[in-house]
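Chemist: Sharing a structure below in C-alpha cells format, with a few things to ask.
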Protein chains: 2
Amino acid sequence: MKTLSPSLEIKTKYLRRLHLFHSLSEPELSQIADFSYVRTADRGEILFRQGESARELHILVRGTVEIFFLLESGEKKVIHLLSGPSLVAEAALFMGSPWPADAHILSESLLVAIPRDKIIALTAANPELPWRLMGGMFSRLNEFRNTIENLSRKSAVSRVAVYLLTAAPDCPQIILNAPKNKIANYLGLRAETFSRALRVLVNQGAIAMEEEGIRIMNRSLLESILGEQ
Amino acid sequence: MKTLSPSLEIKTKYLRRLHLFHSLSEPELSQIADFSYVRTADRGEILFRQGESARELHILVRGTVEIFFLLESGEKKVIHLLSGPSLVAEAALFMGSPWPADAHILSESLLVAIPRDKIIALTAANPELPWRLMGGMFSRLNEFRNTIENLSRKSAVSRVAVYLLTAAPDCPQIILNAPKNKIANYLGLRAETFSRALRVLVNQGAIAMEEEGIRIMNRSLLESILGEQ
DNA sequence: CGAATGGTTGATAAGACTCAACTGGTGTGG
DNA sequence: CCACACCAGTTGAGTCTTATCAACCATTCG
C-alpha cells in the first residue's frame, strides 16, 4: 500500500463517481475529500481481515478486490468480486460491526479511505444519505439473493450462463474482471468444472473464446439454457 | 385472510414487540397502530407475490411464513423461514421496489399491516429510524451470508449440523418451525437427503429424535462435524 | 373411506469433485 | 541468458455425494 497525495480536486473527482455521494453539495464533498486519503495497492495485498474493527470506508476507485471468508474446512469462499468504482463492505462499516470477511487486492488498485466518524457526521445534515446507504445495502441483498439462486441451480453450465448474461447485460463482449479460478469459486464451482462448462457453451455455439475475453454469440440460446435446469 | 378489529392497546402491544419500533414514543406508536390493521391467515394463504408492488409493511406477530422464489426450472427455492415476531421483506418495502419473492403462510398466523407512506412519514421526525431499518437489512445480509456459506459447504450432514446449531443457540431442544421438506429446501437439499442426514447424526449420537422435535445430545460433536467439511 | 400431505427408506444414475498430468506464460535468480 | 519455479488454465480418468425414482407408511382432512 502506497499513500498518494493528490490535489483536493482529484480526490473530489474520485468521490463524485460514487452514487452514494450524489446528493452531497460541493462544499460537503470537498470537506470529505479533505479528510480522505488515497492509496494504491498491488495484487496480493490485504485490504482488511475478518474480525478487524472497521474504522474507515474503503472506496475502490480503480482495480479489483475480492471479498471472501474462510469456511470451517479452511477453504476460501469468494462472496464478492468488486471492480471500481465501488464501495467496499460499506454495510458493516456503517453498522459499526467488525469486517465480516476478508478483502484482498486482485489487481493493481486505486483506493480512497474515509474515516468512519467523518461520514457518520455527514448523515446528520443529510437525511437522504441513510436512504442511499440502504439502497446500497439493498443491492447487496439482491446480489446475495442472486447468488443463492445460482448456488441452488444444479447445473454448472447454467450457473455459468447466468454469470455471463449478468456480466454483460447489453454488450456481447465480456472482459472477465477476475481470474477464472476466482470466478469459479464465486459461482461455487471448481476451476475445472468452470472450464468445462465454458467449453460446453462454446461447443453449443452460445459463446466464443477470444484473447481479450468472451463473446456472446447467441444470447437467446444462452438464455434458454437457464430454463433447462 | 380475516381482518380483526382489536383495540388500539392490543395493536400497540403487537408493534412494541419489534425491535424496529423501540425508538418510537408512545404517541407515535399508537398513531401508527391506529393506521394499521390486524389479520389472521391460514396455512396455504398467499401474503404477497413476487413483482406485486409493495404498499404495506407486513408484520408477522405469530405464526410462520415462507419466502421463496421460483427458479427458471419452475422449482421453488425457499430463502427465508420466518417465525413471528418478525418483519416480512421490509427491505423491499422501504426501498419502494416490488416484492422480490413470494410469501406464503405456513401455519396459522397473526399479521399486522401498516401502509408504507405512514411509516415513511415517521422517519422524517425520527432520524434513528433509518438506521434501525439498516440494522434489519444488515441482519438479512448476514443471514444470506450464512446461507451462502452453507450452500458452499459440500456435505449435507454438516449443512444440517449448522442449521441445528443456529436454530438452538443455547437450549438443547429444537422445535422445527417449519415442515422438514421446507427446511430441506432452505438448506438446498432434497427432503430425502435431509432425512438421511438427520439419521446419520442420530447414529453418531449427536442428536436424538423426539416426538416434539429434535434434541441435541452432544453439542461439541455436532460442532466438530462442521469442521469436517 | 379415499385423497393429499409429510416423511422415510432403498436402488440407481448423473453430475461435480478429486487427483493427476500437461500446457503456456511470467517472474526470478544464478 | 537460461533454468527454474510458480501460477492459471485445460483436459482426462475415476470416485463419491446427492438427486432421482419408486415404494411405502402415518396422519390428517373432507
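The values are calculated or read from the model by the stated rules, or taken from the named source; none is laboratory data. Please read all numbers here as calculations on a predicted model, not as lab measurements. Please note: Cβ atoms are built from the backbone with ideal geometry, for glycine as well, and neighbour counts cover all protein chains shown.
Chemist: So which pairs qualify, if the first residue must be in the stretch A:120-131 and over 15 Å from A:HIS19 (Cα atoms) and facing chain B (nearest Cβ under 10 Å), the second must be among the hydroxyl-bearing types (Ser, Thr, Tyr) and not in a helix (DSSP H, G or I), the Cβ gap must be under 7 Å, and the two must be at least 6 apart or on different chains?
Modeler: Between residues of the stretch A:120-131 that are over 15 Å from A:HIS19 (Cα atoms) and facing chain B (nearest Cβ under 10 Å) and residues that are among the hydroxyl-bearing types (Ser, Thr, Tyr) and not in a helix (DSSP H, G or I), there is no close pair.
Chemist: Let me ask something else. Quick one: count up the residues across the stretch A:154-174 that are within 16 Å of DNA strand C (Cβ to nearest atom) and either among the hydrophobic types (A, V, I, L, M, F, W, C) or over 22 Å from A:GLU66 (Cβ atoms) (or both).
Modeler: The qualifying residues number 9.
Chemist: Okay, next question. B:GLY227 fails exactly one of the following numbered conditions: (1) closer than 30 Å to B:LEU70 by Cβ; (2) within 15 Å of DNA strand C (Cβ to nearest atom); (3) within 10 Å of chain A (Cβ to nearest Cβ). What is the number of that condition?
Modeler: Of everything listed in (1) closer than 30 Å to B:LEU70 by Cβ; (2) within 15 Å of DNA strand C (Cβ to nearest atom); (3) within 10 Å of chain A (Cβ to nearest Cβ), B:GLY227 misses just condition (1).
Chemist: Taking the stretch B:179-193 only, how many residues are assigned to a helix (DSSP H, G or I) and near DNA strand D (Cβ under 6 Å from one of its atoms)?
Modeler: Going through the stretch B:179-193 one residue at a time, the tally reaches 2.
Chemist: Consider B:ALA33 carefully, then state whether it is crowded, with 16+ Cβ neighbours inside 10 Å, at pLDDT 90 or above, in a helix (DSSP H, G or I) and not assigned by TED's automatic domain parsing to the domain that holds B:PRO179.
Modeler: It is true that B:ALA33 is crowded, with 16+ Cβ neighbours inside 10 Å, at pLDDT 90 or above, in a helix (DSSP H, G or I) and not assigned by TED's automatic domain parsing to the domain that holds B:PRO179.
Chemist: Is it the case that the stretch B:200-211 has a residue that's at pLDDT 95 or above, within 14 Å of chain A (Cβ to nearest Cβ) and within 13 Å of DNA strand C (Cβ to nearest atom)?
Modeler: So far as the stretch B:200-211 goes, no, none of its residues is at pLDDT 95 or above, within 14 Å of chain A (Cβ to nearest Cβ) and within 13 Å of DNA strand C (Cβ to nearest atom).
Chemist: Could you check, for the stretch A:168-179, whether at least one of its residues is out of contact with any Pro (no Cβ under 9 Å at 6 or more places or on another chain) and within 13 Å of another protein chain (Cβ to nearest Cβ)?
Modeler: There is no residue in the stretch A:168-179 that is out of contact with any Pro (no Cβ under 9 Å at 6 or more places or on another chain) and within 13 Å of another protein chain (Cβ to nearest Cβ).
Chemist: Read through the list (1) away from every other protein chain (no Cβ under 14 Å); (2) touching a residue at least 24 places away in the same chain (Cβ under 8 Å); (3) within 16 Å of DNA strand C (Cβ to nearest atom), then give the number of the only condition that B:ARG219 fails.
Modeler: Just one mismatch for B:ARG219, condition (3).
Chemist: On the basis of being of a type outside the set (Lys, Arg), under 21 Å from the mean Cα position of the chain (by Cα) and surrounded by 15 or more Cβ atoms within 10 Å (Cβ to Cβ), does A:ASN218 make the cut?
Modeler: Criteria not met by A:ASN218.
Chemist: Among the listed residues B:LEU164, B:LEU133, B:LEU176, identify the single one that is among the aliphatic types (A, V, I, L, M), in the same structural domain as B:LYS13 (by TED's automatic domain parsing) and under 29 Å from B:ILE46 (Cα atoms).
Modeler: B:LEU133 is the lone residue from the list that is among the aliphatic types (A, V, I, L, M), in the same structural domain as B:LYS13 (by TED's automatic domain parsing) and under 29 Å from B:ILE46 (Cα atoms).
Chemist: For the stretch B:150-174, which residues satisfy the criterion of being surrounded by fewer than 16 Cβ atoms within 10 Å (Cβ to Cβ) and in contact (Cβ under 8 Å) with a residue 24 or more places away in the chain?
Modeler: Scanning the stretch B:150-174 gives B:LYS154, B:SER155, B:PRO172, B:GLN173.
Chemist: Search the stretch A:94-119 for residues being without any contact (Cβ under 8 Å) to a residue 60 or more places away in the chain and of a type in the set (A, V, I, L, M, F, W, C), and hand back the single one that is nearest to the other protein chains (Cβ to nearest Cβ).
Modeler: If we take residues in the stretch A:94-119 being without any contact (Cβ under 8 Å) to a residue 60 or more places away in the chain and of a type in the set (A, V, I, L, M, F, W, C), then A:MET95 is nearest to the other protein chains (Cβ to nearest Cβ).
Chemist: Still on this structure, please answer the following. Condition first: within 13 Å of chain B (Cβ to nearest Cβ) and among the aliphatic types (A, V, I, L, M). Now tell me which residues in the stretch A:132-156 satisfy that.
Modeler: A:LEU133, A:MET134, A:MET137, A:LEU141, A:ILE148, A:LEU151
Conditions tested, residue by residue: (1) in a helix (DSSP H, G or I); (2) more than 10 Å from DNA strand D (Cβ to nearest atom); (3) under 29 Å from B:HIS22 (Cβ atoms).
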site	(1), (2), (3)
B:LEU133	yes, yes, yes
B:PHE138	yes, yes, yes
B:GLU143	yes, yes, yes
B:SER158	yes, no, no
B:ALA161	yes, yes, no
B:ASN177	no, yes, yes
B:ARG199	yes, yes, no
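Chemist: Counting only residues that are touching a Leu at 6+ places or on another chain (Cβ under 9 Å) and within 16 Å of DNA strand D (Cβ to nearest atom), how many does the stretch B:207-221 have?
Modeler: Total meeting the criteria: 2.
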